[in-house]
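Heads up, the thing below is written out as structure tokens.
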Amino acid sequence: MVLLVRHGKTPTTGKVLPGRAPGLHLSEEGRNQAEAVAARIAALAEAGASRPAAVYASPLERTAETAKPIARQLGLRVRTERGLLECDFGTWTGASLKALSKKQEWAQVQRNPSGFRFPAGESFLEMQARITSAIARLTALHRGETIVAVSHADPIKAAVATAAGTHLDLFQRLTVSPCSVSVLAYSGAGPHVLAVNSTGALTELVLS
């Protein structure tokens, strides 16, 4: 089972497309969210679910800072996984969302993302292939175990869409809020989506 956690809020959440730019840290609210999601994941483990065997995070500060209290609650260390990185937004990195929403290309980002590449950056298809490959590699490494993977909204949405068999052009219909948990389970029958954008108790996810 993979617990996909989006990082907590930062000072620019909902205002700017930060991408992979370094130096962006959690806000005070984001730090509180990280502590809360850590407690929720620890409660899931105590309720009888498989205790996470590892905590992974993308290399960016905001994901590492979100993963740290989760790892502390579980008695683990945070491992860095580049496959969990945010999409490379190229020259759009750091731009305000208000300004980007006025661009002609914005409609394609929302309605036909599978055909879009960010200028001097990554395509949505490449991002989807990267995150799904990373998850496949980690689940193979931790076969039969539960892991936590702290990432970013778009990669998590792409991973959930892949697991659900949903075309990438529809992935923008998914919502992944700060410090929400989306849960994927893998078996011989393929992936199962157990939760998307969960911001409440996770104990209902204990598998019988």
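The values are calculated or read from the model by the stated rules, or taken from the named source; none is laboratory data. None of these values were measured; they are calculated from a predicted model. With ideal geometry, Cβ positions are generated from the backbone for all residues, glycine too; neighbour counts draw on all protein chains shown.
For the range 72-80, check the following and say yes or no: at least one residue is in a helix (DSSP H, G or I) and of a type outside the set (D, E, K, R). Before the answer, list the steps.
So in the range 72-80, the residues in a helix (DSSP H, G or I) come out as 72-74.
Restricting the remaining residues to those that are of a type outside the set (D, E, K, R) gives 73-74.
Yes, because at least one residue in the range 72-80 is in a helix (DSSP H, G or I) and of a type outside the set (D, E, K, R).
Test Val160 against the stated conditions and say whether it is modelled with pLDDT of 95 or more, crowded, with 22+ Cβ neighbours inside 10 Å and not in a helix (DSSP H, G or I).
Details: modelled with pLDDT of 95 or more: yes; crowded, with 22+ Cβ neighbours inside 10 Å: yes; not in a helix (DSSP H, G or I): no.
In short, no.
Could you check the range 36-69 and list, in sequence order, the residues that are out of contact with any strand residue (DSSP E or B) (no Cβ under 8 Å at 6 or more places or on another chain), at pLDDT 95 or above, surrounded by 18 or more Cβ atoms within 10 Å (Cβ to Cβ) and in a helix (DSSP H, G or I)?
Ala38, Arg62, Glu65, Pro69
To keep it simple, each residue is scored yes or no on (1) closer than 23 Å to Tyr56 by Cβ; (2) free of Cβ contacts under 8 Å to residues at least 40 places away in the same chain; (3) part of a loop (DSSP other than H, G, I, E, B); (4) touching a strand residue (DSSP E or B) at 6+ places or on another chain (Cβ under 6 Å).
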{"site": "Gln104", "(1), (2), (3), (4)": "no, yes, yes, no"}
{"site": "Ala120", "(1), (2), (3), (4)": "no, yes, yes, no"}
{"site": "Ala136", "(1), (2), (3), (4)": "yes, yes, no, no"}
{"site": "Ala149", "(1), (2), (3), (4)": "yes, no, no, yes"}
{"site": "Pro155", "(1), (2), (3), (4)": "yes, no, no, no"}
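Only one of (1) under 16 Å from the mean Cα position of the chain (by Cα); (2) assigned to a helix (DSSP H, G or I) fails for Cys87. Which number is that?
Result: Cys87 passes all but (2).
Can you find even one residue in the range 1-11 that is under 14 Å from Ile147 (Cβ atoms), at pLDDT below 95 and not hydroxyl-bearing (Ser, Thr, Tyr)? Please lay out each step first, then the result.
If we filter the range 1-11 for residues that are under 14 Å from Ile147 (Cβ atoms), which is where we start, we get 1-5.
So of that shortlist, the ones also at pLDDT below 95 come out as 1.
Checking which are not hydroxyl-bearing (Ser, Thr, Tyr) leaves us with 1.
Yes.
Working only within the range 122-134, note down all residues that are surrounded by fewer than 19 Cβ atoms within 10 Å (Cβ to Cβ) and more than 20 Å from Pro59 (Cβ to Cβ).
Ser123, Leu125
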